[in-house]
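All remarks here apply to the structure that follows.
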Amino acid sequence: MFKKILIPTDGSEFSQGALEQGLDLAKLSGGEVTILYAIESPYEPFQNYATQPPEYFEKLMNDYKAEAQKVLSRISAKAETKGVHTRAVIVEEHPVPAILEAAKEHDLVVMATHGRKGIDRVMMGSVTDKVLHNCSTPVLIVRGAAG
């Protein structure tokens with residue numbers, strides 16, 4: 001059974017299905033869960049064109065971290081009510097490499113997918129798709145449903 005489960009999240013309603021499935025699997029297997037929240041720098045995409053001072057991006061990153069901490073606190077409380085031992089981690093990195101690196105120390109990755117097809121998938125790019133095709137750890141994909 002899976003003893004170390006990684007659940008990457010962005011805290012969205014959409015990701016709740018993967019969170020629920022991952023927590024349920026951990027409860028059934030007596031495993032533990034790592035909830036990973038990756039925050040990509042708001043500065044990097046604009047570093048060559050930024051018109052805002054560095055302080056603006058620093059404040060923005062601090063706001064992202066505060067939101068991530070709220071999300072992880074909420075998820076940890078939910079896991080505790082289910083009796084699942086949870087570790088919450090915030091990393092400042094693009095989600096794909098952050099997830100791939102963290103997955104190396106886990107038995108299973110549980111992620112949500114939008115289920116986009118065709119040009120929408122190509123245009124949007126999919127973190128889940130990139131993880132699925134580049135991860136040596138098994139990946140359970142849960143269709144997300146924003147409600």
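The values are calculated or read from the model by the stated rules, or taken from the named source; none is laboratory data. No experiment lies behind these values; they were computed from the predicted model shown. Don't worry about glycine lacking a Cβ; one is built from the backbone with ideal geometry, like all the others, and counts go over all protein chains shown. With ligands, DNA and RNA removed, areas are computed over all heavy atoms of the protein, side chains included. Shrake-Rupley method; radii C 1.70, N 1.55, O 1.52, S 1.80 Å.
Overview of results
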{"item": "Pairs, first closer than 18 Å to VAL110 by Cβ and part of a helix (DSSP H, G or I) in the range 81-99, second open to solvent by 70 Å² or more (accessible area, probe 1.4 Å) and modelled with pLDDT under 95, C-beta under 6 Å, six or more apart", "result": "VAL96/LYS130"}
{"item": "Number of positions in the range 106-145 that are modelled with pLDDT of 70 or more, basic (Lys, Arg) and in a helix (DSSP H, G or I)", "result": "1"}
{"item": "Residue satisfying all of: in the range 39-58; modelled with pLDDT of 70 or more and over 23 Å from VAL89 (Cβ atoms); least open to solvent (accessible area, probe 1.4 Å) among these", "result": "PRO53"}
